Structure formats: C-alpha cells, structure tokens
Amino acid sequence: MTDRPLTQHIDLSRPPYDLAQYEDVGGYAGARKVITEMTPAQGLEILKDSGLRGRGGAGFPTGVKWSFVPMYNTPAPTKYIVANADEMEPGTFKDRLLMEGCPHLLVEGMIVGAYILQANIGYIFIRGEYIEAAQLLNEAIAECRKKGYLGERILGGDWSFELHVHTSAGRYICGEETALLNSLEGKRATPRAKPPFPQVSGLWGRPTIVNNVETLCNLPQIVLLGADWFKQLSLTDDAGTKLYGVSGRVNTPGCWELPMGTSARELIERHAGGMCDGYQLKTFLPGGGSTPLLLPEHLDTPMDYTHIGKLGSRLGTGTVIVIDDQVDFIGALKNLEHFFSQESCGFCTPCRDGLPWVEKALHNIECGSGSRADLDWLRRATWMLNMGNTFCAHAPGAMGPLDSALKFFPDEFERRLP
C-alpha cells in the first residue's frame, strides 16, 4: 500500500468540456507545440524516448511501431491514422469513459499523432453501441474545424488533416487491427495476412497506424511536457500512467488513472473498496476476458506489462475482473467461452469449429453430464487453439482463461464429472 492519496472517479456528472473549456485547462497546447515548434521526426523521437506502450492489450512500444511508417521528403502518398474505439473486451470500459468524459482529449491526440506521421486523414472507429461517445466526438470535431485545428493548413502551416468518426456494426474481431481496416473499407471483418503490415500497406493499401484510444490520449502531454516527465509518472520501468478498472463483487467498482505498476491489491482493496461482505477473492482476470487468471498470491505484483507477463498472464487492458468464491466457476468460464465462440470471424477452422466445442464441453461439465472425454478435449484445446495453429490471436486469447483455470483449479472440473 502506498501513501499516495486516493484518486477520484472520472466525474461524469458534469457535461464534458467544450472547446473553450478544454483550452482553458491547457487543451491543444500539445498540438500547437508539436505543429509549430517541432518537425515530425522530432515528435517521433520524443514518442520513442517516452517508452509509451500500446494501451489496447498487446503493449507494443508505440514509438517503435510508428517508426516503421515510411516517411518521404518528396510529396508522399496518403497516410492514415486510426483510433481503435471498438471496445469489446469483456470487463473493459476505460475508453468509453475517456470519450464520454473528455472527447477533445482524443481529438487532440489524433491531431498530434497525425502530424508526427504526416497523415492527412484520420478515423475514429467506434463500436455502434457507443452512441453518446460518437455524438460527443462529432461535436468536438465540428468545434475544431471552426477553430482551425482541423482542415486545410492547420495553424497557418502547410499541413492539412481531416478527422472522421466511423460507427461500426460491432464485432470483437475488429480489435485486431487488420480486421478493423477491412471493416473500415466495407469488407468482411477478417484479419489479413502479415506481412505486409499496416504501417506499410494498411487502409486502402496506404501506410496506416492503428492505436487504441487510451494510447492516443497520452500523446498531447508527452509532446508538451517531454519524455522524462512521462517516464517518471510510473512506479516501474513501464512508463506513464494507466487507466485501471475493477468489476465484480467489490464495494466500489470503477476506473482510475494511476501510476503504471500499481498493484492489484491496491486496486481491489483500496480503490475498489475491497470485496463485498460475505465474499472472498478466488481468482481474477488482470486485463479483461482474454487474459489468463491470476491468484490471490499474485495481488502484490506490479500491474504492468513486464511483471504480469512474468506470471504467465498479460496486463491486457488493465481492467480487472474479480471472481469471488461463491461464483459458479465453471459457469462463469463457460459464459466467457460462449462470448469468444460467438465472436469468431469464422475465417480459420480451429477457431470457428474449436471454440463451439470448447463451449459445449464446458456446458456438459457445468450440467453434470460431462465425461472424461470432455475434460480431455478441453486440455487438448488449450494447445490446439493456441498461437501458431490459428490465423490470429482470437482463439489463443480465448484459451488464456481456460488454460489457467485447468492449471489452478483442476478440482473444479473433476468434481463436476459423474
């Protein structure tokens, strides 16, 4: 436990800032600085030095990813920047809070990122259910066009940029960036073969960067205050702050911005108010539904990409799902695998056919009609549907909770067999 004061929930009781209010608290200072005082190369160097890692789940270093985009000294082909706001990871709601609480922060992040990349067109790819967020973003974009932050010759320079909100039909697979790009092009949302990578050949065959909402929202302050400032915000070597969330049977579920590396114990016991009366922590998913389970003994591990990775799990989105000792554990696991089964794009056989069989086996065990063959199949599925055997990471992500459940709680399965 640290001596830092408790952070506050994002205040959604007030309307989000309009452009004038956002500027009054320093909004668009980062965009002004990078556009008027820096070259794109200088902006990219600050981003790399900051150590910012993608906040959407994979945690890949953002500056390294962006450095793969070809830059040109002569007139360049069209380049795109895309915000992945298709937030469908079970238990995850942090990007929604950002977009509904401060839409101008994402718009400014898109402008800063687009200038660094010298992209001329940007899209915010948002899930269809986020109706209020999409409306607020469109209003923020309209305000920026009137002010001159978007459009032709931004802030009197030679660079122009247009930004659009694209409301999607909503599929979990669009969290995979190439499936998102296919959907944005009006095609079926299935992942693409890589290489080529989107940084070289993405949207309509042009260089494209796709990043999560939270990642992009970090950019304005990084270019404004510097890489060293961003790194010192963290408790560990993984730089910056993180939006952490907690859901489940806790007293005050919610979302908080905290230093990267804050422990799960602090999240659950201090910020989320601890377990509800009469319930004890059994296990938890550290970063959304596709991350392997962790145990109470792991509560003091720093919640960052490096330390959680060493435990065999992933930080993912940083949104903890608490599973208590009174939950029907097999039923909860089946419910999770049902989601992944439904959300398979159907492109490759192991995922399309394997996930429904996983769900069926869990259903049999849950109902007491399972067999040793069902349990054997679940164990085989954890490697048959894992990386190297599927086209993308959808099925391997679904196997994370199942594999860890079989490892940590084998008795839960055995005692349900007839």
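Each value in this text was obtained by applying a stated rule to the coordinates, not by laboratory testing. Note that this is a predicted model, so its numbers are computed, not measured. Backbone-built Cβ (ideal geometry, glycine too); neighbour counts: all protein chains shown.
With a requirement of 3 or more residues that are basic (K, R), in contact (Cβ under 8 Å) with a residue 24 or more places away in the chain and in contact with a Cys (Cβ under 6 Å, 6 or more places away or on another chain), none of the strands (runs of 3 or more DSSP E) lying completely within the stretch 212-321 satisfies it. Here the stretch 377-418 is the region considered, the condition is being out of contact with any helix residue (DSSP H, G or I) (no Cβ under 8 Å at 6 or more places or on another chain) and under 16 Å from A58 (Cα atoms), and the residue that is surrounded by the most Cβ atoms within 10 Å (Cβ to Cβ) is G400. Across the stretch 322-335, the qualifying residues are those that are in a strand (DSSP E or B) and either in contact with a Ser or Thr (Cβ under 6 Å, 6 or more places away or on another chain) or of a type in the set (V, I, T) (or both), and the one among them that is farthest from G370 (Cα to Cα) is V322. When the stretch 237-253 is filtered for residues that are at negative phi and either surrounded by fewer than 22 Cβ atoms within 10 Å (Cβ to Cβ) or among the β-branched types (V, I, T) (or both), the ones remaining, listed by number, are D237, T241, V246, S247, R249, V250, N251, T252, P253. The residues in the stretch 366-399 that are touching a residue at least 60 places away in the same chain (Cβ under 8 Å) and more than 14 Å from F340 (Cα to Cα) can be counted, and the count is 1. Here K334 clears all of (1) under 26 Å from the mean Cα position of the chain (by Cα); (2) closer than 18 Å to T190 by Cα except the condition numbered (2).
Across the stretch 68-81, a minimum of one residue is classified as buried (at least 22 other Cβ atoms within 10 Å of the Cβ), aliphatic (A, V, I, L, M) and either within 23 Å of I141 (Cα to Cα) or free of Cβ contacts under 8 Å to residues at least 60 places away in the same chain (or both).
Looking only at residues in the stretch 158-204 that are surrounded by 14 or more Cβ atoms within 10 Å (Cβ to Cβ) and of a type in the set (S, T, Y), the one that is farthest from Y80 (Cα to Cα) is Y172. Of all residues assigned to the stretch 292-308, at least one qualifies as being of a type in the set (S, T, N, Q) and surrounded by fewer than 22 Cβ atoms within 10 Å (Cβ to Cβ).
Only one entry in A134, A142, A193 is part of a loop (DSSP other than H, G, I, E, B) and small (G, A, S), namely A193. Filtering the stretch 217-236 for residues that are among the small types (G, A, S), under 25 Å from G101 (Cα atoms), crowded, with 19+ Cβ neighbours inside 10 Å and within 22 Å of the chain's Cα centre (by Cα) leaves a non-empty set. For the stretch 313-333, the set of residues classified as of a type outside the set (A, V, I, L, M, F, W, C) and buried (at least 23 other Cβ atoms within 10 Å of the Cβ) consists of G316, T317, G318, T319, listed by residue number.
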